[in-house]
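All remarks here apply to the structure that follows.
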Amino acid sequence: MNPRVRTRLQRPFIIAGVLVGAAASGGYLYYTMAWAPVPQPVWTRFVNVALLMFSAIYLANLLRRIVERFMKR
């Protein structure tokens, strides 16, 4: 089994993904609690925040892979 190869760009991109996800989740929670015309159940908010965080981190990782691929050229 091959060990995972960690690059020097991995940590900054993951941190950036977490920060973007936290900002998006905060904006979503602010909107749903303050401005939404119909209140949402708590479980819906929890699932949506988790999806926002996951998608932000996943997209940051994909962007890192693209950047690394162009840096090798």
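Every read-out reported here was derived from the displayed coordinates using simple, explicitly stated rules and does not represent laboratory data. A quick note: this is a predicted structure, and the numbers were derived from the prediction, not measured. Here Cβ is always computed from backbone atoms with ideal geometry, including for glycine, and neighbour counts include all displayed protein chains.
Would you be so kind as to identify which of Val49, Ala60, Gly27 lies farthest towards the positive end of the dipole of the chain, taking Lys and Arg as +1 and Asp and Glu as -1 on Cβ and the Cα centre as origin?
Value computed over the given set: Ala60.
Label-point separation (nm) for Ala22 and Arg8, each offset 7 Å from Cα along Cα-to-Cβ?
2.5 nm
Pairing the Cα long axis of helix 10-30 with the longest principal axis of the chain, what angle in degrees results, from 0 to 90 and rounded to the nearest 10?
10 degrees
Post the alpha-carbon centroid distance, segment 45-73 to segment 1-27, in whole angstrom.
Each part reduced to its Cα centre gives a spacing of 7 Å.
Calculate one ³J(HN,Hα) per residue across segment 36-43 by plugging θ = phi - 60° into the Karplus curve 6.51 cos²θ - 1.76 cosθ + 1.60, and present them in order as whole Hz with x for glycine and proline.
5, x, 10, x, 9, x, 4, 5
Can you pull the semi-axes for segment 18-72, root of five times each eigenvalue of the Cα gyration tensor, sorted largest first, whole Å?
They are 31, 10, 7 Å, listed from largest to smallest.
For the ranges 11-21, 37-47, what's the packing order if you count other beta-carbon atoms within 10 Å of each residue, average per peptide, and put the highest first?
11-21, 37-47
Run the simple label-point estimate for Asn61 and Asn48 please: 7 Å along Cα→C-beta, distance reported in nm.
2.5 nm
Given the DSSP H assignment, sum -39500 (n - 2.57) over each helix run of at least 4 residues in the chain and divide by its residue total; what's the result at 222 nm in deg cm²/dmol, nearest 500? Don't skip to the answer; put the middle values down first.
Numbers: 2 runs with 52 residues, N = 73.
Calculated at 222 nm, the ellipticity per residue is -25500 deg cm²/dmol.
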